[in-house]
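Asker: First, the structure itself, so that you have it in front of you.
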Amino acid sequence: MRTIPADNALCPAGNLARPDWVLKVALARYGVVKQWREYRLKQKGRIKESEATQAFLLAYKIGAVSKEFSESLGDITRASLYRWKKVLEENGGDYQSLCPRWGKWDKGGPQGLGQLTPEAETAFLTAWLNPNRPSVVLAYRVMCFALEKLGQDAPNVKTVYRFADRFKEDHHDLVVLMREGEKALNDKVSDYIRRDRRALEVGQTLVADGHVLNFECLHPETGRPFRPTLIGWFDWKSGLICGWEFLLSENTIGISSALRMAIRHLGKIPKSVVLDNGKAFKGKFFTQSGQGFEILQGLYARLGIATQFATPYRAQVKPIERFFGTFDNQFSKLVPSYVGRNIEEKPAWRRRDEKFHKSQHEKRNPGLPTLREAGAAFAAYVKWFAENMTHPDFQGQTCGEVFLAERGPGVDLAELDFQFLWTTEVHPKRSGFRLAGLRYVSDRLYGLNKSVVVKYSWASLEEVYLFDRQGRSLGAARPEALVHPQAALFGTEEDLALVADGNRRRAAQKKATLNKARVLAQASEDSPGPVALPYHLTGPALKQLAAPAEEKQLEQATADGASENIRPARFDSEFVKYNWIFLAWNNDGYSLEAGDMEFMRKYEASEEYRKISGRRFAQLAEIGLKSPTSVEVGVTQCD
């Protein structure tokens, strides 16, 4: 794996500009030669020239000459000094004549230090570009083992370090992808679409997300410290959060409450919303409360709001993430119970063996804020933010001024409250579930063994609305009507109609299940199933695996069954058919029917034969059984 050469790597040598590192080395050589000459002149007549040179080299080695020169040149010898002196004299003292020729930079090849052979590059990059993020030293050791097997000498570790640094500069995208993953590639390297939010109107688009706060509050139920969750609705144009709710954990009621606050502050209903679709947020939301943003799509549709879900792991499409970052820097870090965004930012009082900081923290902060206190402080922060933070796209105006300039006239709060129906999760059984003391039924629940979401209003329980966890509508459910236990004898016409309707529903449900079963049974006939396994105990496989005491009896049973030479009317699978023809032809001299040879060739070319069943027949071939396709066989026409 060769690295991609620079754009000027194929230019003629005379047109190549000297790299900076080449000039740096040349200047260092020139400086060392100059100081060496000056030192020899000072010592002339005192000591011999060879002794002066030896003393200068010793001073250079211990860093007394110039640390900068030592870093650029490393160790030098007496021969190097005299060679550099001669080159300068031959070129009129031009320091550029001392430019090194490492890396073939002046021959049109790859430029720079750290050039490796193709085999060394491949071995090093294979080990280094790994999601486990091994160090350069570890990848270097792996490369040394690989080159040793190839009979090649390993380069110096410093050369590999230079190669790694240059590779990261030229192929930053590849290094990030291979070592850190696609999300890091998107966050650190890939370009993204820059949106002009000035084209929006205030309240036209809201962005919603959940954020676990980085400071602790007092849990209202347990009294223990915990990190509450902030649900926020963010106005894209003004950059101001207009609806929020502090929760123990994410739930639909909190999201609805925060949305209601946002609509009330906006004075109008937004035209669209961008909802978070991250894996962690979505997983926690569904597994703990069984509800998610998708469930509210019915509410959005009734309010005329278009929904859009953000791409997972792409924070660029959710501008509310920037607000959360600003909130952490301006608010959370000033809260005494701040715990940090990650391990690196954990405050000292949260770390082990920090007795001083822990005692100071307990002395100055005897208690934790409650959810109500945290909510009140956040409301004050939002007010300060709106009045003081300058909008980045509207210079001279604060976020609050942009927000108020296009605020709506207001909404009917009574109608708004009616739109926000209650939501719960149930697990249906026998096409129904219980809610508010009633049992609701729906044909759409037949065959489901998973939780579904029910949206309802306490004002009217005559009908409830069903959704799956992905927000897809499952229709409506109504209370189950009870019938007379002896409707045929003592019931009314209405009771008889209810019994007849119930019987029809049950018959239709059973018929639907039987139809699915028949389709599945037909599909299983076309699949080899377990008999395709090489360890399926039938026929010769059972014969080979049988115990020695049972072997003769098994051979006799197999011979008796095969001697009848009765071809089955149908075969359960292609494997069964091939196996029967194979054994009948080998053991009983069975005459192949028309099409058998073509079928066997086709099956031997199939993926099933190559990967699974072919090993079985290869074992049989070792004991003398062959496939008809491997020899010339006469095919007779079946009567």
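Asker: What are the ³J(HN,Hα) values, in whole Hz, obtained from phi via the Karplus relation 6.51 cos²θ - 1.76 cosθ + 1.60 with θ = phi - 60°, for each residue of the stretch 330-339 in sequence order, with x given for Gly and Pro?
Answerer: Along the stretch 330-339, the couplings run 8, 10, 4, 5, 8, 7, x, 8, 4, 10 Hz.
Asker: With labels modelled as points extended 7 Å from the Cα through the Cβ direction, what inter-label distance (nm, one decimal) is found for Leu625 paired with Asn132?
Answerer: If labels sit at Leu625 and Asn132, their model points lie 4.4 nm apart.
Asker: So, by mean Cβ neighbours within 10 angstrom, what's the order for 575-582, 428-435, 140-147, 86-93 with the highest one leading? Don't skip to the answer; put the middle values down first.
Answerer: On the way: 575-582: 20.9, 428-435: 16.5, 140-147: 18.2, 86-93: 11.8.
Ranked from most to least packed, the peptides come out as 575-582, 140-147, 428-435, 86-93.
Asker: Decide, for the stretch 426-515, between rounded, prolate and oblate: order the square roots of the alpha carbon gyration tensor eigenvalues as a ≥ b ≥ c, take rounded if a/c falls under 1.5, and otherwise choose prolate if a/b is larger than b/c, else oblate. If you can, show how the numbers build up before the last one.
Answerer: Details: a/c = 2.70, a/b = 1.39, b/c = 1.94.
It comes out oblate by the Cα gyration axes.
Asker: List the GluC sites (Glu not before Pro) within the stretch 164-242 that fall in a DSSP loop (any state other than H, G, I, E or B) and whose Cβ has at most 13 other Cβ atoms within 10 Å. Could you put the intermediate results ahead of the total?
Answerer: On the way: sites: Glu169, Glu180, Glu182, Glu201, Glu216, Glu221; in loops: Glu201, Glu216, Glu221.
Sites meeting the loop and neighbour criteria: Glu221.
Asker: Once each part is reduced to its C-alpha centroid, what is the distance from the stretch 185-208 to the stretch 468-516 in angstrom?
Answerer: About 50 Å separates the Cα centre of the stretch 185-208 from the one of the stretch 468-516.
Asker: Something else: Quick one: grab Rg to one decimal and Dmax as a whole number for the stretch 421-479, Cα atoms only, in Å.
Answerer: 10.2, 30
Asker: Report, to two decimal places, the Cα Rg of the stretch 19-98 normalised by 2.2 N^0.38 Å (N = number of residues).
Answerer: Numbers: Rg = 12.5 Å, N = 80, 2.2 N^0.38 = 11.6 Å.
The stretch 19-98 yields a ratio of 1.07.
Asker: Apply the a/c threshold of 1.5 to the C-alpha gyration tensor of the stretch 362-416 and tell me whether it is rounded, prolate or oblate.
Answerer: Values: a/c = 5.73, a/b = 1.47, b/c = 3.90.
In terms of gyration-tensor shape, oblate.
Asker: Same structure again: For the stretch 211-224, in order, what is each residue's ³J(HN,Hα) by Karplus, 6.51 cos²θ - 1.76 cosθ + 1.60 with θ = phi - 60°, in whole Hz (x at glycine and Pro)?
Answerer: 9, 6, 5, 9, 9, 9, 10, 8, 5, x, 9, 8, x, 9
Asker: Express in nm, to one decimal, how much length is gained between Ala605 and Thr326 on full extension, taking 0.36 nm for each residue of separation and deducting their alpha carbon distance. All intermediate terms of the calculation are to be shown ahead of the outcome.
Answerer: On the way: separation 279, 0.36 × 279 = 100.44 nm, distance 6.35 nm.
Gain on extension, Ala605 to Thr326, equals 94.1 nm.
Asker: Per-residue HN-Hα couplings for the stretch 125-141, Karplus 6.51 cos²θ - 1.76 cosθ + 1.60 at θ = phi - 60°, whole Hz, x for Gly and Pro?
Answerer: Whole-Hz 3J(HN,Hα) from phi for the stretch 125-141: 5, 4, 7, 7, 7, 9, x, 6, 6, x, 6, 5, 5, 5, 5, 5, 5.
Asker: Non-local amide H neighbours of Gln397 (under 5 Å, H modeled in plane, Pro and chain starts lacking H): which ones?
Answerer: Answer set, sorted by chain and number: His391.
Asker: Which of the residue pairs Lys183/Lys237; Lys24/Lys61; Lys44/Lys67 have a Cα-Cα distance greater than 22 Å in the structure shown? Could the numbers behind the result be given before it?
Answerer: Values: Lys183/Lys237 27 Å; Lys24/Lys61 19 Å; Lys44/Lys67 26 Å.
Checking Cα-Cα distances, Lys183/Lys237; Lys44/Lys67 exceed 22 Å.
Asker: Under 5 Å between amide hydrogens, which residues at least 5 positions from Phe309 or on another chain qualify, with H placed 1.01 Å from N in the peptide plane?
Answerer: Leu275
Bear in mind that the values in this text are calculations on the coordinates, not laboratory data. From a predicted model like this one, the values you see are computed outputs, not experimental measurements. No Cβ is skipped: glycine too gets one built from the backbone with ideal geometry, and neighbour counts run over all protein chains shown.
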